[in-house]
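Note sheet for the following structure.
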Ligand SMILES: [Zn+2]
Ligand SMILES: [Zn+2]
Ligand SMILES: [Zn+2]
């Protein structure tokens, strides 16, 4: 096939390959059809269609059908903590091709509060976002943001930073707030322990998270329109993770998140827990790796079999003038760009790179907040494009090649490759030369 | 400067003063035009505050003239060589370069016989005519204001100081014009002369008369900004100056943006205004909501007026016009941080066609403001710019159809008249 024709037919080919994978006559696929049916029979408002699976790694490309629209995975989900994405309008976000973004239950539950959002027809209505939303349980923020929080079997107790009132976030309360927010995907309340903690507390948290999952499932008032994901816990202990996986996968939940990671643990431990989790998660359900968003982590964890990711980093770092590029990042505010008349990334097609130079953005940072918005747009475009390229390479059966090219561009030399990434990729049969 | 290309075609002059027309022949190739009375597009370094190209272009009827103030960044522009428009990615606009940012404070006490000082992000920059003209050559605007000593706006400025400012400003203009005429780079670029004179009528007249003798394309009326004097005096001074100015050249008033003052000044013969006012309203978390509907359409009149608010105590008038701090709220806006908007699911202004009003509600804006979210500035800037542009269209319509009095009643609020109930 000639390259030019190939690029013209890319989307068509894409579709055909999907058909091939789905109709392929191996027993695995037939089995998958069966379990898909089973999943559909309980009428969860979600379906997952596997479009392609990498023949070398554990990566997969899927269409995740959610109540508001379809989502192409692997997917990066930008975080709109307080019902807005850092100075970007919902039209701009849609224009960048974002199909799903996050809202934070803790923040929104505090301000403007679940009752008001319910009156505004949920978070979709309140922020006027027409595509999908995922909300977290609020537990993580509570434990990380509120100093005086206490976890009991009942839930997480904390003092409101706004009025000092004592509040209990129970599994029921978290789901009730998320029901008011009306997100397409809700997260169970889990007992969050820092990933660097070891010992009996980790085991207690794992068992409690399972009990809380059952309470969350029972509390969901909208099982027909809101999906509830379980969160796999167990710290960095493989036996505990495995026990948690066994218990939770026995529940008929529409999807699973891998939790309790990316909290400062060693990367060697991190990837081993991720790959252990995907090894035991059902093939026909989506897998969401929480809090992961650095480009290298994304590419590696897709290879390990994860479908969904979120992280505040790309939007947070944008506000400090840090633009994400295929070779790492570019600090627009640094002096060296004051007279650099190229776009941030000459190959980037985002609205910022199509119009503005590094030098203009550098100067604009001194005059107006719009400079931040420009970088935020670029960074979201970067994350979404990265995932689109990853997906396309999976569909076209060249994901391992994609990884090698990606790593070469990201690091100046082979000895710069992080060893954990090299090991993780080797575990899924990708060797980096 | 053989014959400026800018042509003001007046279609109507009411009572010898308020003028309706089109400013034609703008831009290097003369293809742009601007209706008057009209306003310029206020920017920070070529960017409308908070807005990117996507969000800016949700606005229709944007002014064709972009105002910038740039004394800093000369170095990078020199290196870039192709002028500011290209540097800032401004493709299809007329660029006007002013000396000061009308929304930024300009501390007095730094002007000398040969220099004026402007303020950038890095502090004070002292400009001589040579430096000022070198800057224009690197910026390469379509039109710029000549260097001027406008330090007469404080009350108690002595007659002597006012006279000196007029003399200096004329001397600066002559020097600027001399450099201009000998600069290849500035061919086809227009110069506006600056009229000074503080609050002294004779000095205003002298400044206008002398400036009008020079080959300028238009006039900036300086030293009359909000806070420097009351409107009655401002009106009187403007009327005296415009009498001395040629009919066919535009008059740009600096530092005045409040709707009531704009109305009075347009009535006195001003053609162009800067649009920093919507920006100031945005920065204090407020939304413009004053009524300017003069449409005879009974259907429209029967509905809620386009301004969702007609003086119901929803806005907070703050007393006397002249003494206001520029950052203080005016009676033309609502403060969305106010708790009363937390569960108000109406658009900022009913019937407003802007992106913000078409897509979002007051409750959401309230939430964005109390949580300090950046989107608040973006959405408010869109609405406030749209509302302000709408007001200028109404002003032109009013002059065209003899409805200035009606418009004034609408804008200033028919106190005790039509009221709007909450909920
Ligand atoms: Zn870009
Ligand atoms: Zn902004
Ligand atoms: Zn509006």
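The values are calculated or read from the model by the stated rules, or taken from the named source; none is laboratory data. Note that the coordinates shown come from a computational prediction; the quantities given were computed from them, not determined experimentally. All Cβ positions, glycine included, derive from the backbone under ideal geometry; neighbour counts span all protein chains shown.
Quick notes on this one:
- Taken as a whole, the condition of being in contact (Cβ under 8 Å) with a residue 60 or more places away in the chain, more than 16 Å from ligand 2 (Cβ to nearest atom) and under 20 Å from residue A:294 (Cβ atoms) applies to residue A:403.
- Looking across the stretch B:361-389, the residues that are surrounded by 24 or more Cβ atoms within 10 Å (Cβ to Cβ), free of Cβ contacts under 8 Å to residues at least 60 places away in the same chain and within 14 Å of ligand 3 (Cβ to nearest atom) come down to B:364, B:379.
- Any hit, the stretch A:360-381, residues being farther than 28 Å from residue B:283 by Cα, buried (at least 23 other Cβ atoms within 10 Å of the Cβ) and modelled with pLDDT of 95 or more: yes
One line per residue, one yes/no per condition, for (1) under 18 Å from residue A:288 (Cβ atoms); (2) modelled with pLDDT of 95 or more:
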position	(1), (2)
A:15	no, no
A:38	no, no
A:45	yes, no
A:50	yes, yes
A:63	yes, yes
A:90	no, yes
A:101	yes, yes
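- Between B:55, B:43, B:66, the distinction of being touching a helix residue (DSSP H, G or I) at 6+ places or on another chain (Cβ under 8 Å), more than 16 Å from ligand 1 (Cβ to nearest atom) and within 21 Å of residue B:377 (Cα to Cα) belongs to B:55 only.
- Any hit, the stretch A:340-355, residues being farther than 23 Å from residue A:312 by Cβ, within 11 Å of chain B (Cβ to nearest Cβ) and part of a helix (DSSP H, G or I): yes
- Only one of the listed residues (A:394, A:377) is on the phi < 0 side of the Ramachandran plot and within 14 Å of another protein chain (Cβ to nearest Cβ). That residue is A:377.
- For the stretch A:82-112, filtered to residues that are within 19 Å of residue A:226 (Cα to Cα) and within 14 Å of chain B (Cβ to nearest Cβ), the residue that is surrounded by the most Cβ atoms within 10 Å (Cβ to Cβ) is A:108.
- Residue satisfying all of: in the stretch A:356-368; more than 7 Å from chain B (Cβ to nearest Cβ) and within 15 Å of ligand 2 (Cβ to nearest atom); nearest to residue B:52 (Cα to Cα) among these: A:361
- Every listed requirement among (1) touching a strand residue (DSSP E or B) at 6+ places or on another chain (Cβ under 9 Å); (2) modelled with pLDDT under 95 is met by residue B:176 save one, (2).
- Any hit, the stretch A:276-288, residues being within 14 Å of chain B (Cβ to nearest Cβ), more than 16 Å from ligand 2 (Cβ to nearest atom) and in a helix (DSSP H, G or I): no
- Screening residue A:332 on (1) within 10 Å of chain B (Cβ to nearest Cβ); (2) at pLDDT 95 or above shows it passes everything except condition (1).
- Residues of the stretch B:34-59 that turn out to be surrounded by fewer than 20 Cβ atoms within 10 Å (Cβ to Cβ) and within 20 Å of the chain's Cα centre (by Cα), as a count: 3
- Filter pass, residue B:394 being assigned to a helix (DSSP H, G or I) and either surrounded by fewer than 24 Cβ atoms within 10 Å (Cβ to Cβ) or modelled with pLDDT of 95 or more (or both): yes
- Residue within the stretch B:409-419 that is in contact with a helix residue (DSSP H, G or I) (Cβ under 7 Å, 6 or more places away or on another chain), more than 30 Å from residue A:112 (Cα to Cα) and either more than 16 Å from ligand 3 (Cβ to nearest atom) or not in a helix (DSSP H, G or I) (or both) present: yes
- Any chance residue B:369 is more than 14 Å from every other protein chain (Cβ to nearest Cβ) and either modelled with pLDDT of 95 or more or away from ligand 2 (no atom under 16 Å from the Cβ) (or both): no
- Where residue A:371 falls short, out of the listed (1) in a helix (DSSP H, G or I); (2) away from ligand 1 (no atom under 13 Å from the Cβ); (3) within 14 Å of another protein chain (Cβ to nearest Cβ); (4) within 23 Å of the chain's Cα centre (by Cα): (4)
- Selection of the stretch A:322-336 for residues being within 22 Å of residue B:80 (Cα to Cα) and away from ligand 1 (no atom under 14 Å from the Cβ) yields A:331, A:333, A:334, A:335, A:336.
- Total residues in the stretch A:113-122, condition surrounded by 23 or more Cβ atoms within 10 Å (Cβ to Cβ) and more than 11 Å from chain B (Cβ to nearest Cβ): 0
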